[in-house]
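Peer 1: Before I ask anything, let me first share the structure, which is written out below as C-alpha cells.
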Amino acid sequence: MSELALRAGDADRDRVAAGLRDHLVAGRLTLDEFVERVDRAHEARTLAELEELTRDLPAVEPSAPVQSRRKASSWIVAVMSGSDRRRRWRLAAKTTVVAVMGGANLDLRQAELEAAESELTIYAVMGGVNVIVPEGIDVDVSGIAVMGGKDVRVSDAPVRPGAPFVRIRVYAVMGGVSVRSKRGRELPR
C-alpha cells in the first residue's frame, strides 16, 4: 500500500488547512479558493486527497512569508462616484472605505488577504457601501448608523478551521452599509 493511500487523520487535515491559510495570506489563493479547498480537506479520507489540494502550490516555510506582487488596497474612496472591487484584488490588513454621496461595492470572495486578520473601517456619509464575504469566514460587524442603516446578513454557517477573521467597523450618517455572505462560485475539483 502506498503512503498516499493511507487514511488521513484530523491532524493531517488541520495541517493542510493551516498551510492553505498561509497561501491565502501570501496571495496564492483567493478567499473562495481557500474556502473550497478547506472544505475538501475536511472531507478527505486519504493522504492522497490532501496532497491533491496543495499540489499546485509551492512549499512555504512558515518563517519566510511570501509577498504578493499586487499592491494591497488600504484606502477605497468614492466621493460623488463609485468604486467596485470584484474578482481578484488584494485587501490590506487595515483598510479604510469612505463613501460620501457615492457608493462602494466590495466582494471579498475572490480577494487576496494581506493578513489572517483584516480590519475594514467604513465611513458612509449620504452614500452606501456593500460588502460580500464568503460563507464560513469569521466576520465581526460593529459600529453605528445615524439617520442611516447598517444591515448585516451573514450566514450562520460554521466557521471553517483556519479561516481568516474580518472585522468590519461601520460609521454611517444618512448613509447605509450592508454586509452579507454568499456562497462562493463553484470551483473545479
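The values are calculated or read from the model by the stated rules, or taken from the named source; none is laboratory data. From a predicted model like this one, the values you see are computed outputs, not experimental measurements. Cβ coordinates were reconstructed from backbone atoms using ideal geometry, including for glycine residues, and neighbour counts include every protein chain displayed.
Peer 1: If we scan the stretch 141-159, do we find a residue that is within 24 Å of D22 (Cα to Cα) and either of a type in the set (S, T, N, Q) or at pLDDT 90 or above (or both)?
Peer 2: Going through the stretch 141-159, the residues within 24 Å of D22 (Cα to Cα) turn out to be 157-159.
With either of a type in the set (S, T, N, Q) or at pLDDT 90 or above (or both) added as a condition, the list becomes none.
Scanning the stretch 141-159, I find no residue that is within 24 Å of D22 (Cα to Cα) and either of a type in the set (S, T, N, Q) or at pLDDT 90 or above (or both), so the answer is no.
Peer 1: Would you be able to say whether some residue in the stretch 55-64 is over 25 Å from V133 (Cα atoms), touching a His at 6+ places or on another chain (Cβ under 8 Å) and at pLDDT below 80?
Peer 2: yes
Peer 1: A further question follows. When you look at A157, is it outside any loop (DSSP other than H, G, I, E, B) and out of contact with any helix residue (DSSP H, G or I) (no Cβ under 8 Å at 6 or more places or on another chain), yes or no? Spell out the reasoning first.
Peer 2: Values: outside any loop (DSSP other than H, G, I, E, B): no; out of contact with any helix residue (DSSP H, G or I) (no Cβ under 8 Å at 6 or more places or on another chain): yes.
So A157 does not fit the description; no.
Peer 1: Follow-up. What tally of residues in the stretch 77-94 results from selecting those that are more than 24 Å from R28 (Cβ to Cβ) and within 19 Å of the chain's Cα centre (by Cα)?
Peer 2: 1
Peer 1: Next up: Of the numbered conditions (1) in a helix (DSSP H, G or I); (2) over 17 Å from V35 (Cβ atoms), W75 satisfies every one except a single condition; which is it?
Peer 2: In the conditions (1) in a helix (DSSP H, G or I); (2) over 17 Å from V35 (Cβ atoms), W75 misses (1) alone.
Peer 1: So, in the stretch 9-49, how many residues would count as being over 16 Å from L108 (Cβ atoms), touching a Lys or Arg at 6+ places or on another chain (Cβ under 7 Å) and buried (at least 20 other Cβ atoms within 10 Å of the Cβ)?
Peer 2: The number of residues fulfilling the criteria is 2.
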